[in-house]
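J.: Input: one structure, supplied below.
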Amino acid sequence: MTSQNNSPQNQIPILFTIASSNRHDLLLTTPSTSYTHLTTSIATLASTSPNCEEFMSKYKKRRSASIPARVKSLKVKWGVGSTTWPRVTVVTEENLGAVLCMMERGVGSGGMLLRLFLRRRRGRGKVRSEK
């Protein structure tokens, strides 16, 4: 028996697009998910999904698994053309629940737009010696 939180009735499909690109994918989440869990899930999916591969990525060096991608910012781009409805909402820990509930109910018909960045290794520059 599955828990009530994981039932298909309580899951919300989210279409996310990586900013300034056509890379995208879909993710199922629940209205009770945390911001950290959502951004981690998106980053994990984006790093493994064929829909999120960069153009000509097969010719690039493979990124080490120890340098995971992370979501820098998360916004919802609403699909409503009204002047009284905002075009974009920045998603935060505080408003995530309300944003997901609105998406679940079909209000605004939005999709998530995110900025995805790679974490850079520290200490790759010159080593400073102490005297």
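The values are calculated or read from the model by the stated rules, or taken from the named source; none is laboratory data. Bear in mind that the values here come from a model prediction, so they are computed numbers and not experimental data. Every residue, glycine as well, gets a Cβ built from its backbone with ideal geometry; the counts of neighbours run over all protein chains shown.
J.: If I filter segment 46-80 down to residues being modelled with pLDDT of 75 or more and part of a loop (DSSP other than H, G, I, E, B), which single residue comes out as surrounded by the most Cβ atoms within 10 Å (Cβ to Cβ)?
T.: We begin by selecting, within segment 46-80, every residue modelled with pLDDT of 75 or more; these are 46-53, 70-79.
Next cut, part of a loop (DSSP other than H, G, I, E, B) only: 49, 53, 78-79.
Values: S49: 14, E53: 14, W78: 20, G79: 11.
So, considering only residues that are modelled with pLDDT of 75 or more and part of a loop (DSSP other than H, G, I, E, B), the one surrounded by the most Cβ atoms within 10 Å (Cβ to Cβ) is W78.
J.: Go through segment 14-40 and count every residue that is closer than 12 Å to R70 by Cβ and surrounded by fewer than 17 Cβ atoms within 10 Å (Cβ to Cβ). Reasoning before the result, please.
T.: Step one: list which residues in segment 14-40 are closer than 12 Å to R70 by Cβ, which gives 36, 39-40.
Still in the running and surrounded by fewer than 17 Cβ atoms within 10 Å (Cβ to Cβ): 36, 40.
The total comes to 2.
J.: Which residue pairs have Cβ atoms under 8 Å apart, sit 6 or more places apart or on different chains, and have a first residue in segment 9-20 that is farther than 16 Å from S47 by Cβ and a second that is assigned to a loop (DSSP other than H, G, I, E, B) and not hydroxyl-bearing (S, T, Y)?
T.: Hits for this filter: N10/P31; I12/P31.
J.: Okay, moving on. Would you point out the residue of segment 81-92, among those that are in a strand (DSSP E or B) and loosely packed, with under 13 Cβ neighbours inside 10 Å, that is modelled with the lowest pLDDT? Quick ask: steps written out before the conclusion?
T.: Taking segment 81-92 as the starting set, the residues that turn out to be in a strand (DSSP E or B) are 88-90.
This time we only want the ones that are loosely packed, with under 13 Cβ neighbours inside 10 Å, so: 88, 90.
Values: V88: 84, V90: 90.
Per the criteria, the residue is V88.
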